[in-house]
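The values are calculated or read from the model by the stated rules, or taken from the named source; none is laboratory data. The structure displayed is predicted, hence computed values, not measured ones. Backbone-built Cβ (ideal geometry, glycine too); neighbour counts: all protein chains shown.
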Amino acid sequence: MQMKSEVVLVDPVLAALWLAKNYASNRPMRPGTVKSYAELMKAGEWQLTHQGVAFDAAGVLIDGQHRLAAVVEAGATVPMMVTVGVPVAAFAATDCGVRRSVGDRLVLSRRLVAVLTAADAVANGRKRIARPTQIRAIADSQFGRTAAALLETNGTQKRAMSSSWVGLAATVAVLEGQDFEWVAEQRRVLVCQDEDCETPVARCFRRRFQNFHCSADPYPNMEILAAALLVFDRFEISTKLIKLLGEWREDTRVRVSTALNEGT
């Protein structure tokens, strides 16, 4: 059988039928990937590309299970490139390339994407990565331009001092009215761990968080974000003990959400 490809409108019924022909040794289904694809389909943002669904000469599905499962979950009908007659030997080479990150797809730096993703996660209470269109919209806004400008002022090191949460705090501070150059300098002090130039609150922050483990999940990192907002506040430079009191988590979320909304 000769390999052939064509664009097909795939609806949930057809997707379910094709999933029933899935290759027995295909990789385990990743629910997060399915959900991400489904959200794009529901939002009307699914794009037709050269990648899609593939069947071998015997009619067995060897590629596209996540796309098809997303069609079923979204209840949507989307166009997909469908290829039939793929040699069985080609299965081993499927999806062996380097996966493109959101930054790769949007031509944005990884550091900037991390800050914008953190902002979206905090403001909207999401643990998942925002869709590329959402990140692009933020990147093109005043919020995104401010974050990019701050990140360009210093290099980064693999420690909490230069994490996306510190970058997010610096961005929020500028959009709330703090002087850009002053905030950029305070971030430089943290990133470079320039102890000679530390303010009392920056020194307190460093001692408290220099070994802090940051992750993509916003919830354990709200503490470092809230504390970093104090470092970038001129009225708090003499603070020698960082205390997060009352509804500080919600207060931090509101500040990020306000800055994001006003800067977009």
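Values as computed for the structure displayed
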quantity: Residue count, segment 155-177 (criterion: over 14 Å from residue 233 (Cβ atoms) and at pLDDT 65 or above); calculated: 5
quantity: Top-ranked residue of segment 162-195 - restricted to ones that are assigned to a helix (DSSP H, G or I) and acidic (Asp, Glu), ranked as surrounded by the most Cβ atoms within 10 Å (Cβ to Cβ); calculated: 185
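Residue-by-condition table, conditions (1) among the polar types (S, T, N, Q); (2) surrounded by 16 or more Cβ atoms within 10 Å (Cβ to Cβ); (3) within 24 Å of the chain's Cα centre (by Cα):
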| position | (1), (2), (3) |
| --- | --- |
| 2 | yes, no, no |
| 9 | no, no, no |
| 17 | no, no, no |
| 22 | yes, yes, no |
| 28 | no, no, yes |
| 43 | no, no, yes |
| 58 | no, no, no |
| 69 | no, yes, yes |
